[in-house]
1. How many of the residues making up region C:79-92 are facing another protein chain (nearest Cβ under 10 Å) and in a loop (DSSP other than H, G, I, E, B)?
2. State the number of residues belonging to region D:228-245 that are out of contact with any Ser or Thr (no Cβ under 6 Å at 6 or more places or on another chain) and either part of a helix (DSSP H, G or I) or at the interface with another protein chain (Cβ under 7 Å from one of its Cβ atoms) (or both).
3. Could we say that A:T39 is of a type in the set (S, T, Y), out of contact with any Asp or Glu (no Cβ under 7 Å at 6 or more places or on another chain) and surrounded by 17 or more Cβ atoms within 10 Å (Cβ to Cβ) here?
4. Got a number for residues in region B:246-288 being at the interface with chain A (Cβ under 10 Å from one of its Cβ atoms), among the β-branched types (V, I, T) and buried (at least 23 other Cβ atoms within 10 Å of the Cβ)?
5. Which of the residues that make up region D:305-326 are of a type in the set (D, E, K, R) and either closer than 17 Å to D:G277 by Cβ or touching a helix residue (DSSP H, G or I) at 6+ places or on another chain (Cβ under 8 Å) (or both)?
6. Out of region A:263-320, which residues are under 30 Å from A:K78 (Cβ atoms), assigned to a helix (DSSP H, G or I) and among the hydroxyl-bearing types (S, T, Y)?
7. Inside region A:160-207, can you point out the residues that are under 19 Å from A:L305 (Cα atoms) and within 14 Å of another protein chain (Cβ to nearest Cβ)?
8. For region C:147-155, does any single residue satisfy the condition of being crowded, with 24+ Cβ neighbours inside 10 Å and away from chain A (no Cβ under 14 Å)?
4 protein chains.
Amino acid sequence: MRESEAKTMIVAMQDHATEENIQLVIERMVELGFNVHRTTGAVQTILAGVGTPDHFDVAEFKVLAGVHDAYRISSPYKLAGRSFRPEGTKIKFPNGVVVGGEEVVVMAGPCSVESHEQILLSAKQVAAAGGKFLRGGAYKPRSSPYSFQGMGLEGLKLLRDVSNETGLLVITEVMEISQIEVMLPYIDCFQVGARNMQNFNLLRELGHVRKPVLLKRGIAATIEEVLLSAEYILSGGNYDLMLCERGIRTYETYTRNTMDISAIPVLKKLTHLPVMGDPSHGVGIRDLVPPMALASVAAGADGLLMEMHPNPDKAMSDGAQSMYPEQLEKLVAQLRLIAPIVGRKMA
Amino acid sequence: MRESEAKTMIVAMQDHATEENIQLVIERMVELGFNVHRTTGAVQTILAGVGTPDHFDVAEFKVLAGVHDAYRISSPYKLAGRSFRPEGTKIKFPNGVVVGGEEVVVMAGPCSVESHEQILLSAKQVAAAGGKFLRGGAYKPRSSPYSFQGMGLEGLKLLRDVSNETGLLVITEVMEISQIEVMLPYIDCFQVGARNMQNFNLLRELGHVRKPVLLKRGIAATIEEVLLSAEYILSGGNYDLMLCERGIRTYETYTRNTMDISAIPVLKKLTHLPVMGDPSHGVGIRDLVPPMALASVAAGADGLLMEMHPNPDKAMSDGAQSMYPEQLEKLVAQLRLIAPIVGRKMA
Amino acid sequence: MRESEAKTMIVAMQDHATEENIQLVIERMVELGFNVHRTTGAVQTILAGVGTPDHFDVAEFKVLAGVHDAYRISSPYKLAGRSFRPEGTKIKFPNGVVVGGEEVVVMAGPCSVESHEQILLSAKQVAAAGGKFLRGGAYKPRSSPYSFQGMGLEGLKLLRDVSNETGLLVITEVMEISQIEVMLPYIDCFQVGARNMQNFNLLRELGHVRKPVLLKRGIAATIEEVLLSAEYILSGGNYDLMLCERGIRTYETYTRNTMDISAIPVLKKLTHLPVMGDPSHGVGIRDLVPPMALASVAAGADGLLMEMHPNPDKAMSDGAQSMYPEQLEKLVAQLRLIAPIVGRKMA
Amino acid sequence: MRESEAKTMIVAMQDHATEENIQLVIERMVELGFNVHRTTGAVQTILAGVGTPDHFDVAEFKVLAGVHDAYRISSPYKLAGRSFRPEGTKIKFPNGVVVGGEEVVVMAGPCSVESHEQILLSAKQVAAAGGKFLRGGAYKPRSSPYSFQGMGLEGLKLLRDVSNETGLLVITEVMEISQIEVMLPYIDCFQVGARNMQNFNLLRELGHVRKPVLLKRGIAATIEEVLLSAEYILSGGNYDLMLCERGIRTYETYTRNTMDISAIPVLKKLTHLPVMGDPSHGVGIRDLVPPMALASVAAGADGLLMEMHPNPDKAMSDGAQSMYPEQLEKLVAQLRLIAPIVGRKMA
């Protein structure tokens, strides 16, 4: 991996920067471990640094005297980059389901586990529609301390039970390091929510686990930041990682978030990791979920994570964005037709 | 249209607002033309105003003494609302092409008209791929005064000539009132660019024209603001209007803009006007245009406006986001398969 | 506190919604614990719900059949609201410093604790300039796993030692529940970083601690969300809480973040909690820190949290936004003159 | 000005890009007029182009085969840059008032001219408080076609009359090219609103006028785009130009816009043009205007543009953000004390 550690930075000096300024910048670059190539123009000098410094911050160079601007050329991530594994990552699950291969995978279920009856019915409906994973929150991150906070361990047990019964895999959110051990016996995939995308201690711990992880994009995270957070998990040795676009915060208030569909093909290009779409959080309005799910797969998503509830009008959380079971069924039928047009098929 | 003029506003008073404060708010509401319905709770009073005031501003009520918050209930637009024409608007063009009906329409061509040779070749390639409109700028809005500003009248003539030759319709951007008259003989559809979405004088003039208009969403415009701008054109009597999502500005810098695919189904719900997608400006990177075009149609777009150039690497503007002719051809072939899955077909 | 639990919601039905639709909405409101007041207009019906439901989600009502829109009237937070403690919260520290009173307090120091020499020199410079708190990270949240991650416990000890020596108080960031116990003996104030503003488990634990907490606004957090996060800490019984504006993410890339100065007077109006400004993270460029610090105090801030490093060009993190010691000194001198103009004085 | 036309671009090739790819990039750079300096590393090649091309688009290079990324080094604007006139631009008005010098100038008045009585009273109150310009809209850009659109020519005459009477200068908004001639006899300064910041035809015309112009930042405009728009006016020969920060659109909805106070010191660094602040539009809430006005001047603004109305509760537009006369008076008194602390004084 020696090569991927080579880093390049460009420092463009101001027109007529003094030689003293230029020398101070070169000195600092060399100190960090760069070899410096200098292009001296009639009015402007450009310094290109190439080397293997441990870490460096372009912002630091931008404020040095005489500097016009500074640019990091090489990617700040290594293991997440497409070139690390050009053929793409395939995550294999116990029952033979593969995420990241030819097949597009549907993960669905209610926002929260509420009762045995509710989650069993959900599981049956997801399985009947063609879903492969049951989603459902046992631990719920809620903006208000006065909202329903989830069933905890009891919820995990229910998820495992009904999934065994229906042949589904279990994906559910982990919010905190201490929950990892508790969850391991019950789940097939950890989900890291948008609010924890930069909870680096949690990410580091998930790097040491040997269970797949789905990492959601933070509500204001750039694509580069998603890949840097992925790097935390990968650098711990856990390569069974998938990413998930779930909407970003913009000025538009009609939808809960603005789902950045273009992030799907962009991520597919930049990284070897599978990329999912979550239209439920992406838009937050039930009737917009099917069109956005179709759009996600048309744009190249490896799968979908969606909320469906047997009775969304009575859901204890996120009812407004949960599909009716019949909506999910109709949607998956449409997805079966769209997938082949973009060279895929439904799992 | 009497009913659509009925307006409703809610004013929620602060807990324990004084009776004097409440009376002053009621007085101001009545003055504007509202009938006021009062709900007096143990701690909080709610005032609902219903009536037909000429205009009012909720912000004004939010800052009155004793007011907790104020809400406009009814839509601020009338003619653009879906209920004004529930069956949807169909725009019929001379050669029989209809926008807003069952068929999905492709409009394509280079960013700018550069020469007879370039635009003729473009037209042939667009027609061959299955496009129905030739796009191409004669007047170019450029961020820098030092960039190429378009061929003007000469460009309009070229557009008309090659379109006649290839059986295409012409759509091109109008930037200013004085250009309207100049353009009329040469074009089939006016395009209002994102930067002019709130150039109200221009919109008002276009309301008096009897040629179809495509109105692009501004780079920071809310969906409601798009509909209010549409209202300027509709209220002048020009009902041949279509809207176009072309990306909004967010914090993400990897793409030129963030294309808000969800705006397509949202607009289809809120208004009777046809809704187009412009993935070229939406993302600004050639290879992302096809996936975003597929996503737009999967999400319900009535058509696509896209940049294609016979030789994008030599384009005088926007080369980076212009498709190669063969990309357009392949894309339309895929669109032909996707359209029926969402109940449409390609024009 | 009975009154602050009274909640109000407005549901505006669509024009000509059916009586059946209206009855279903009323039923659901009653089920949740609302008393419903109905205003029946010629075309539109408005339902005002008043009551003490445990929790409810307006989004759920927005998607019910026949509903035009739904509005939450009462604030979703209770303990953080200005009306809970109209006179404002004053946080008293061991050495007599008070945050939230008449005095404006300066907290300054390097981004990271790097060595005994560096942090001792920093402390002396902060004290000499008139600062009352020494800031410095022992645990560092870094976007990249390859960046310097802080000195940990060793850093905490150094902070305590040099603060004792210079008469300063210690404020430093807590990133994770397990660090709370470790930090308690060494610090005077916990700092919750922007990335952890919605790490609800961490917030809940900090509610059970008896040490002051400074809670930073998340990079994409609304003002309401800041107050809901504050509620997590307050509802655990820890009232020694201050908030901090530190820049939000927008489309503008010249500055690291866009510092929302207006959030300072807005928060002062909405909550009784002290409000700090962090211009270092707010803009991320050294020379912009002094003007933004002056602006913060002119706009009503109760204090400032800023980065200063004895030798910012050699800092191990955030050097570009760290002031030189002489900049801090000059700034505090200016603050001494500005504070009285807005009715304050420097601590 | 030969030097300022020298432009620099960096193209960083992908690791192991082929020699063929590299040669094609070099060829294209040379074709545009660049001299190319090549740095060949073990894994990566960097190309620095220096020259005087007429125009070029880095986006075009970003999508060429084998290219990792491309960067424009030199500023895309010339005349607006600080280095063009390092001492700063001072705009001199007929009555001796200077904008851009040592003095901080207050411009105030109602959103719209409504009547002789209203505007005369406004002028007297502005003059009494210490303002130097009377602002007031004769032509109003309104989001809705159903809102009050201004008094037009009649409004211009009233502005002139009452200003003559009170010794104030007149600043008012121009929305369209045809209004320029109409306005010239009545006004002292053209104001270009945020919605017209990229109405390039209007800007070009204002470049040919010999009257000062105040150009507002667009609601989603980057700082670089503001300077490019300024370039349109400057390149026409009109150097009496000032810029104005008036709030940008973000996800925060509590305030009407998010006023980017940091844009003031950033612009002061990048350009020689005077920089104003408009806290009325910046936040949109009356009681927040004074703290944001103080913050603007503390951060280095050359002046303020603010809404004040003799009776804001009855204003025909923007009443919610218009100050009461006594608020303006108190504010200017505070400004008199703050200005000297940042090396200025009030005009």
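1. 1
2. So the count comes out to 7.
3. yes
4. So the count comes out to 7.
5. D:E307, D:D313, D:D318
6. Correct list: A:S296 only.
7. A:E173, A:V174, A:M175, A:V192, A:G193, A:A194, A:R195, A:N196, A:M197
8. No: zero hits.
The values are calculated or read from the model by the stated rules, or taken from the named source; none is laboratory data. Please read these numbers as outputs of a predicted model, since none were measured by experiment. When we count neighbours, we look across all protein chains shown, and the Cβ atoms used for this are built from the backbone with ideal geometry, even at glycine.
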